[in-house]
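A.B. asks: The structure under discussion is supplied below as structure tokens; questions concerning it will follow.
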Amino acid sequence: MRLLPWTGADGKPCYLSTDDPHSLLSHLADDVEAAQLASAEQVLAGARAVLGDPKAGERAVRFALTRAVESLGDVLRVAVSRGEGAAR
């Protein structure tokens, strides 16, 4: 069973049951995970810039933190999917 990098409409985890790592859905999940990790790198860079700016206002800090929390959730889901973390 593979934890997919998205949730169902009800917010519950989605799993893929297949022995074929080359299936269309497996490739789609790989692509989504890669995009999530790339996005997390950009979010991290942006958050660092905001935190390094002494003139950044509360809205900028809140926005950066909100995006960072979303990205952290995605990265943790990828880690769990790849067997590198504990399930939530």
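A.B. asks: Which one of 63, 29, 40 is farthest out on the positive end of the charge dipole of the chain, using unit charges on Cβ (Lys, Arg +1; Asp, Glu -1) and the Cα centre as origin?
C.D. replies: The one lying farthest along the dipole's positive direction is 63.
A.B. asks: Residue 61: net charge of surrounding residues, Cβ under 14 Å, Lys/Arg +1, Asp/Glu -1, itself excluded?
C.D. replies: +3
A.B. asks: How would you rank 46-58, 66-78, highest first, on the average number of other Cβ atoms within 10 Å across their residues?
C.D. replies: Highest to lowest by the protection proxy: 66-78, 46-58.
A.B. asks: Let me ask you something else. Average projected area of the Cα convex hull of the chain, in nm²?
C.D. replies: Average of the hull's projected areas for the chain equals 6.7 nm².
A.B. asks: OK, next. Whenever you get a sec, compute what percent of the accessible area on the chain sits on carbon and sulfur atoms (1.4 Å probe).
C.D. replies: Exposed carbon and sulfur together represent 59 percent of the surface.
A.B. asks: Still on this structure, please answer the following. Please give the net charge around residue 47, taking every other residue with its beta carbon less than 15 angstrom from that of residue 47, where Lys and Arg add +1 and Asp and Glu add -1.
C.D. replies: Residues close to residue 47 contribute a combined charge of -1.
A.B. asks: Roughly what angle does helix 58-81 make with the longest principal axis of the chain, taking Cα atoms, 0 to 90 degrees, to the nearest 10?
C.D. replies: 20
A.B. asks: Moving on. Note down the relative contact order for the chain as a percent, whole number, built from C-alpha pairs under 8 angstrom at least six residues apart.
C.D. replies: Relative contact order for the chain comes out at 29 percent.
A.B. asks: Tally Lys/Arg at +1 and Asp/Glu at -1 over every other residue whose Cβ is under 14 Å from the Cβ of residue 28; what's the total?
C.D. replies: -3
The values are calculated or read from the model by the stated rules, or taken from the named source; none is laboratory data. Just so you know, these numbers come straight off a predicted model, no measurement behind them. Counting neighbours? That spans all protein chains shown, and the Cβs are built from the backbone with ideal geometry, glycine included. Just so you know, the surface numbers come from the protein's heavy atoms only, side chains and all, with ligands and any DNA or RNA stripped out. Shrake-Rupley method; radii C 1.70, N 1.55, O 1.52, S 1.80 Å.
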